[in-house]
Amino acid sequence: MTKLQWFLFWPGLFLMVILSNALADSEGFVDQPFIVNVPVESRSITFENPTGEKGKGGMAASKIGVGRKGAALKNINPRQTITLCDINGPGVIRRMWVTLPAKKENLLGFVLRGYWDGQITPSIEVPIGNFFGCSHGIAKAYQSAVHSMTDSAGMSIFLPMPFTKHARFTVTNDGNERRVPFYYAIDYTIKDNLPKDSGRLHVMYRRENPTTLGQDFQILPMRKGMGRFVGCVLGIDNADRQWWGEGEVKVYLDGDEKFPTIVGTGTEDYIGQAWGFHKNTFLYGGVSMWEDNLFSLYRWHLKDPIYWKKDIRITLQQLGAKEGVGYYNKQEDVSVAAFWYEPVPSEPLSTMPDYAARIAPGYAVKPQQEANEVYVPK
C-alpha cells in the first residue's frame, strides 16, 4: 500500500467507526437483525435466573435434577410482594412476559410497580392486567403494536423501558387468592448508550365508578416538565346500555387552559373506528374485548407522537346521542391505564384505587341518569 493509499485509508476507517458507533448509539440495530456487532449485551430474568447474571441461569434443582425446571414459578399469597428485577444500568428492558390464572381477582388484584434510577416513588403503578392490555380483569386474545395476550392470560408488552442507573420491578397480590402461581420473564439489554434525559416509561391507573355527570374523565392528569404520551388502555362499563361513543378526547398542551390544542371527534374515532364500535384489533387502536356492556379499548400514539415541553393533561368526555334528543351528557364506569415517557426525577403518580374499588362492579343506573333525560349544565 502506497503512502497515499495509507493516507486515504485511515480517515475512511475512522469515519466508518464513527458511523458504526452512531448507528449503535441510535439503537437502529435493534430493528436491523443482520447487524450483529453491537455494543450491548442480552440478558433475561426469570425465577430460574433472578439476577440475570451471565452463566447463572437454571441452577435450581427439581426432583429430576439440576436445571430441570427447578424454579419455574412462585406461588404468591395475599399481601405478599416479590421483587421481579433489580438491575444496574445502563440498560433497556425490551420485553416483559407474565402469566397467572386468568381470573378477575388476579388481573385486577395483582399490582405491578416499577422504579427507575433510585426514585423512591414508582413511575409505574397499575393492575397487572391493565399494564398488559386488558380492562375489567378479563383476558381476551389479541395483538397490537404494544401488547400480545392469550385467552389464558399469557401476556407480553414490548414498549422499551430505558434506565441509566437502576431498574426495579415488584408485584404485589392485593387480592384474597392464596398460592397464586406466577410465571414471568424480563428480557433486557445492558451497556446501552442512553442520553441522561431519556424518558422513562410511566404507567398510571385510574377509575371513576361512575364518572361525574358533565365532567370530563381524566385519562392523564396534569404532568409538568417534558415528555411524550404513548397511549392508553380504556375500560368502559356502559351501564345504561345507551349509545356512549360521542365523547371527544382532548389534549391540553403547554399552557392550554379552557381549550385544547388536540381534539378528536368521538371515542370510536379516537381508536380508529367509525359508525359505532366493532370487534377489531389493529396495531395502533381497536376494541380488544366487548362483552355485553363491557368494553376494553386501546390507542397507541407510536406513529403520531404527542410531545409536550411544559405540561400536559388529557381528558375524555362521556357523551351519548339519541334520536330526538341529540348529544347529551351521560355517566359511565371508566378506567384507564395511561402510558407515557418523561425523564426522572418525576412527580409521584396519583393515588391508585384500592383493591375493593378496582374490583367493584359497575355502578347501578338510577332513573334520573337514563338517556331520555337531557342534562343541561348550569
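The values are calculated or read from the model by the stated rules, or taken from the named source; none is laboratory data. Keep in mind the model is a prediction, meaning the values are calculated, not measured. So basically every Cβ, Gly included, is an ideal-geometry build from the backbone, and we count neighbours across all protein chains shown. What goes into the accessible areas is simple: the full protein's heavy atoms, side chains included, and nothing from ligands, DNA or RNA. Shrake-Rupley method; radii C 1.70, N 1.55, O 1.52, S 1.80 Å.
General remarks:
- Inter-label distance, nm, simple model (7 Å from Cα along the C-beta direction), Arg79/Met59: 3.3
- For the range 96-150, pairs of C-alpha atoms spaced more than 16 angstrom apart make up 43 percent of the total.
- Cβ-derived FRET efficiency at R0 35 Å, Thr261 paired with Val30, nearest 0.05: 0.65
- Under Stokes-Einstein, with the Kirkwood radius over Cα pairs as Rh, the value for the range 239-378 at 4 °C and 1.567 mPa s is 75 µm²/s.
- Greater than 24 Å apart at Cα, pairs in Lys191/Lys310; Lys303/Lys330; Lys196/Lys309: Lys191/Lys310; Lys303/Lys330
- 17 Å Cα-Cα reach of Lys322 towards aspartates and glutamates, excluding residues that sit fewer than 8 places from it in its own chain: Asp240, Glu246, Glu248, Glu268, Glu332, Glu370, Glu373
- Globularity ratio of the range 65-137, using Cα Rg and 2.2 N^0.38 Å: 1.27
- Euclidean distance of C-alpha centroids, the range 128-154 and the range 187-202, integer Å: 25
- Cα pair distances in the range 120-275, grouped into 10 Å bins until the bin that holds the longest one, percent each: 7, 30, 37, 21, 5, 0
- Diffusion constant of the chain at 10 °C, which comes from Stokes-Einstein with the Kirkwood Cα-pair radius and 1.306 mPa s, µm²/s: 70
- Basic side chains Lys and Arg get +1 at the Cβ, acidic Asp and Glu get -1 at the Cβ, and with that the dipole of the range 44-126 about its Cα centre reaches some 400 debye.
- Among 344-353, 154-163, 312-321, the peptide with the highest mean count of other Cβ atoms within 10 Å heads the list, and the full ranking is 312-321, 154-163, 344-353.
- Per-atom-type breakdown for the chain gives carbon and sulfur 55% of the accessible area (1.4 Å probe, protein chains only).
- Subtracting the Cα-Cα distance of Val66 and Arg179 from 0.36 nm times their residue separation leaves 38.3 nm of extension gain.
- Based on protein heavy atoms only, the chain ends up with 49 Å² per residue of surface accessible to a 1.4 Å probe.
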